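Have a look at the structure below before the remarks.
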Amino acid sequence: MYDLVVVGAGPYGLSIASHAAAAGLRLRVFGRPMASWRDHMPGGMFLKSEPWASNLSDPGGCWGLAAYCEEQGLTARHAEPIPVAEFASYGLWFARHAVPDVDERMVTRVSSGPHGFTVVTADGEALQARTVALAVGVMPFIEVPSALRELHPSLVTHSSHHSGLDQFRGKDVTVIGGGQAALETAALLAEQGTRVRVLARAERLVWNDVPQPWERPWWQSARSPHSGLGPGWRNWFYSERPGLFRRLPQPTRARIAATALGPAGAWWVRERVERAVELLPGHRVTAACAVPGGVRLDTMNREGTAGALETEHVIAATGFRAQRDRLGMLSAELRGALAVLPDGSPATGRGFESSHPGLFLAGLVTASGFGPAMRFVHGATFTAPTLVQGVRRRLRATPLRGATLPVPGGSSRTESPAPVSG
């Protein structure tokens, strides 16, 4: 019987595992480390967040991105983007130094068990755990516009389906979306000789400004402080105070989660896009169908004028929608028992515990509860210690006869069943 099973080995899962190991929990970690970053992003992409806001979290703060870069002879400077491939390598380095052995098998099912949960791996092994933390990243939540969902994958893919773009050399591709994934994908396509256009619903594309210098006059810093999500006091609040964000009224949290830090391109990709990519803002796809040689897209602009275009392939860089019903590894009974917020995402308590005792959630799926930081790596620095504290509270609240309660430092004390009153 494990105290905690962590499902997922991306930035959130590895960070949670590091804190759980330091707390002395009996722990198992499942998943291919940094799989989304290694397998679902084309070469040549860069990390949008600042290097100092892209650390995985360990209790001692010893294994940050700057330490990795120093060891590798690289630089991690403010306003200098880090290649995604290098960030993935950093995550593997973090796993070697700060996390117990990661079992790279996939977990296919999590269900309620007699003393917690039964976790089943892809090869059929079943393990028992008192608590489970799902840190499954974004891949279960891929969102494709309804007009495109019935088309064959040879014609339509999501941007996260590509570890490379070579198959599109010399072809005509339409990228749908106005955020960083759409714009950087389009830039990479254009630079390899693909005819590419970007079609976005927004009336105009939004571009992030070049970051202000790290060292600034005090009055500039006071007016617009740096934060892990960008400059300004509002971003600072989202970035640095997720626990306070959770105390906001639910409608306010929902509105912010849906609108804050909306689609935008990084400053360093703007010129690459504008000089080489056809841009069609203010358009939405109303229908799509296969035609000889590719796809026909019926479109409509903001004035209601209909149009159409044909392309050989569509890449939907249309983000992710974190909903309870997409957590397919949970048994139907367990999944259906989870309380949800109005946007369909699972509700979580102050320690990232779902409405089912002992089941904890991390990452994008918690953004409606804890704010926009949960959509970014930076959110792991708050999530990991807070979630592990929640796990320890749950273990104390549901003791097992003869079990030991782990404490930081590797020692433990024997638990006795809670007395029955009345």
(request) Stick to the Cα atoms of region 249-351, pair each with every other, and give me the Kirkwood hydrodynamic radius in Å at one decimal. (result) 17.9 Å
(message) Whole angstrom only: what separates the Cα centroid of region 259-307 from the Cα centroid of region 316-368?
(response) 30 Å
(request) At 1.4 Å probe size, with every protein chain present, just tell me what the per residue accessible area of the chain comes to in Å². (result) 46 Å²
(message) If you consider only alpha-carbon coordinates, what radius of gyration and Dmax does region 49-181 have, in Å?
(response) 19.7, 58
(message) Pairs of alpha-carbon atoms within less than 8 angstrom and 6+ residues apart define the contacts here; what relative contact order does region 50-162 have, in percent?
(response) 14 percent
(message) Restricting to DSSP H runs of at least four residues, report the calculated mean residue ellipticity at 222 nm for the chain, -39500 (n - 2.57) per run over all residues, nearest 500 deg cm²/dmol.
(response) -7500 deg cm²/dmol
(request) Can you tell me the order of 382-393, 116-127 when each peptide is scored by its average per-residue count of other Cβ atoms within 10 angstrom, highest first? (result) 382-393, 116-127
(message) What is the sum of charges, Lys and Arg at +1 and Asp and Glu at -1, for the other residues whose Cβ falls under 10 Å from the Cβ of ALA76?
(response) -3
(request) Step through the residues of region 265-276 one at a time and calculate ³J(HN,Hα) from phi using the Karplus curve (6.51 cos²θ - 1.76 cosθ + 1.60, θ = phi - 60°), rounding each to whole Hz and writing x for Gly and Pro. (result) x, 5, 4, 7, 9, 4, 4, 4, 7, 5, 8, 9
(message) Taking 8 Å as the Cα distance limit and 6 or more residues as the minimum spacing, I'd like the relative contact order of region 266-342 as a percentage.
(response) 17 percent
(request) Please sort 43-49, 184-190, 217-223 by packing, taking for each peptide the average over its residues of neighbouring beta carbons within 10 angstrom, highest first. (result) 184-190, 43-49, 217-223
(request) Calculate one ³J(HN,Hα) per residue across region 90-104 by plugging θ = phi - 60° into the Karplus curve 6.51 cos²θ - 1.76 cosθ + 1.60, and present them in order as whole Hz with x for glycine and proline. (result) 4, x, 5, 4, 4, 4, 5, 9, 10, 10, x, 3, 9, 7, 7
(request) May I ask for the distance between the Cα centers of region 107-134 and region 189-222, given as a whole number of Å? (result) 43 Å
(request) At most 10 other Cβ atoms within 10 Å and a DSSP loop assignment: could you name the GluC sites (Glu not before Pro) in region 292-365 that fit? (result) GLU303
(request) Please work out which option in (i) 25, 55, 19, 1; (ii) 23, 46, 26, 5, 0; (iii) 21, 51, 26, 2 gives P(r) over Cα pairs in 20 Å bins from 0, in percent calculated from these coordinates, and answer with its label. (result) (i)
(request) Place the peptides 326-332, 244-250 in order of packing, highest mean first, counting for every residue the other Cβ atoms within 10 Å and averaging per peptide. (result) 326-332, 244-250
(request) Hey, can you grab everything whose amide H is under 5 Å from the amide H of VAL29? Only 5+ residues off in sequence or another chain; H modelled, so Pro and N-termini drop out. (result) VAL6, ASP103
(message) Explain nothing, just the number: relative contact order of the chain, from Cα pairs under 8 Å at least 6 residues apart, as a whole percent.
(response) 21 percent
(request) For the chain, find the longest principal axis of its Cα atoms and tell me its angle to the long axis of helix 380-397, 0 to 90°, nearest 10. (result) 30 degrees
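The values are calculated or read from the model by the stated rules, or taken from the named source; none is laboratory data. Since this is a predicted model, take the numbers as computed values, not measurements. FYI the Cβ positions are ideal-geometry reconstructions off the backbone, even for glycines, and counts take in every protein chain you see. Heavy atoms of the whole protein, side chains included, go into the accessibility calculation; ligands, DNA and RNA do not. Shrake-Rupley method; radii C 1.70, N 1.55, O 1.52, S 1.80 Å.
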